[in-house]
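Here is the structure we will look at.
What follows draws every value from the coordinates through simple rules; no lab data is involved. The shown structure was predicted, so the numbers you read here are calculated from the model rather than taken from an experiment. Don't worry about glycine lacking a Cβ; one is built from the backbone with ideal geometry, like all the others, and counts go over all protein chains shown.
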Amino acid sequence: MPTAIEVNGLTRSYAQKQRRLRPAPTETVALRGIDLEVGQGEVRGLLGPNGAGKTTLVKILSTVLLPTSGRAQVLGHDVATQADRIRSHIGIVFGGERGLYGRLTTRENLDYWAALYGATGRRRSELVARLLDRVGLGDRGDMQVDRLSRGMKQRLHLARGLVGGPEVLFLDEPTVGMDPVSAREFRTLVGDLRAEGLTILVTTHDMREAEAVCDRVTLIDRGQVVGTEAPSEVGRWISAYERVDARDVPASLKERLRGIKGVSRVEELANGWTRFATQEPAAVRSVLTALVEGEVTAVRTSLPSLEDVYLEVVGNRGLTV
């Protein structure tokens with residue numbers, strides 16, 4: 001598969017201003033030697049908790065930021081030295097409400113962006129109408145953006161990202177703040193674009209979103225790549241770290257459970273509950289069996305959050321969280 005995005009040893013640091021109580025200048029490192037390769041026509045997810053470096057990477061690839069060191073190419077063009085050649089071939093969709101003009105209608109917003117891309121006259125009118133229909137806003141063309149729902153605004157963001165007919169589309173937390181129905185509809189639109197062969201890089205911390213739209217996902221934490229897998233494989237990572245909570249567990253039983261193979265951590269919770277974190281599915285069965293035999297009746301199981309999985313997976317790889 002030809003490569004659409006190629007990143008080698010990419011770093012990005014931010015210098016923080018001096019403060020009276022902290023006279024020495026400090027530096028925040030957002031990216032620490034990122035390597036990434038995305039094939040043409042692939043939908044790649046960047047999966048990670050807030051602050052992992054996802055948005056910084058997208059800003060560099062979309063030529064909004066310059067890297068501190070390393071190299072990044074989009075469609076064979078260098079982001080630092082050939083930004084103009086990249087910008088006409090990419091689209092960017094940010095989550096939230098940034099980048100829209102609330103007092104203008106949806107049609108006026110798109111008309112403005114289409115004009116910036118050089119579309120004129122009838123061609124521009126047809127482009128705007130076609131994009132509004134495509135994202136399900138054809139009957140909202142005369143509605144002010146401030147009156148749109150969150151989901152509708154995000155559809156308009158997507159239409160704006162498609163104005164230039166991009167080959168590569170960057171979606172940065174596209175469904176943040178959306179209700180479940182709107183998020184599902186947005187993912188369906190992304191699936192349609194995927195079927196048309198667009199290369200899409202989508203950042204998210206939502207595992208369900210990654211599973212729904214991505215061919216592969218790259219896990220990123222504290223500016224470093226943890227791994228790249230198919231969404232189904234990441235899902236198995238999460239299920240492997242299932243947790244068992246139990247209330248009023250005798251101290252002797254806790255110690256016995258702590259020694260079961262695959263139990264990674266025993267944590268005391270509020271109101272007499274104890275959490276047994278596991279690293280493999282077999283450990284869950286062993287813990288539950290021991291609790292039943294110990295006549296503990298208040299028991300519940302749950303899957304960890306993505307952040308909890310990072311504490312296990314990233315820790316196993318020798319990194320610091």
Mean-square fluctuation check for the chain, GNM, Cα pairs under 10 Å: which of ASP142, ASP221, ASP206 is largest?
ASP142
Comparing ASP248, ASP35, ASP111, which has the greatest mean-square fluctuation in the GNM of the chain with Cα pairs linked when under 10 Å apart?
ASP248
Percent of all Cα-Cα pairs per 10 Å bin for the range 92-219, counting from 0 up to the last occupied bin, reads 13, 46, 33, 8, 0
Proximal lysine pairs, the chain, alpha carbons under 27 Å, eight or more residues apart or interchain
4
Test of understanding: in a Gaussian network model of the chain with alpha carbons linked when under 10 Å, which of ALA115, ALA270, ALA230 would top the mean-square fluctuation ranking?
ALA270
Any residue on another chain or 5+ positions along whose placed amide H is under 5 Å from the amide H of ILE5 is listed here as VAL38, LEU75
No solvent, one uniform scatterer per C-alpha: report log10 I(q)/I(0) for the chain via the Debye equation at q = 0.08 1/Å, two decimals.
-0.48
Along the charge dipole of the range 242-302, which of GLY294, ASN271, VAL244 sits closest to the positive end, that is, farthest toward it, with unit charges on the beta carbon of Lys, Arg, Asp and Glu (+1, +1, -1, -1)?
VAL244
How high is the relative contact order of the range 53-184, given as a whole-number percent (alpha carbon pairs under 8 Å, six or more residues apart)?
33
Dipole magnitude of the range 242-302, debye to nearest 20 (Cβ charges: Lys/Arg +1, Asp/Glu -1, about Cα centre)
140
Check: the chain dipole with +1 on Lys, Arg Cβ and -1 on Asp, Glu Cβ, in debye:
920
Write down, largest first, the equivalent ellipsoid semi-axes of the range 242-302 in whole Å, where each equals the square root of 5 times an eigenvalue of the alpha-carbon gyration tensor.
15, 12, 11
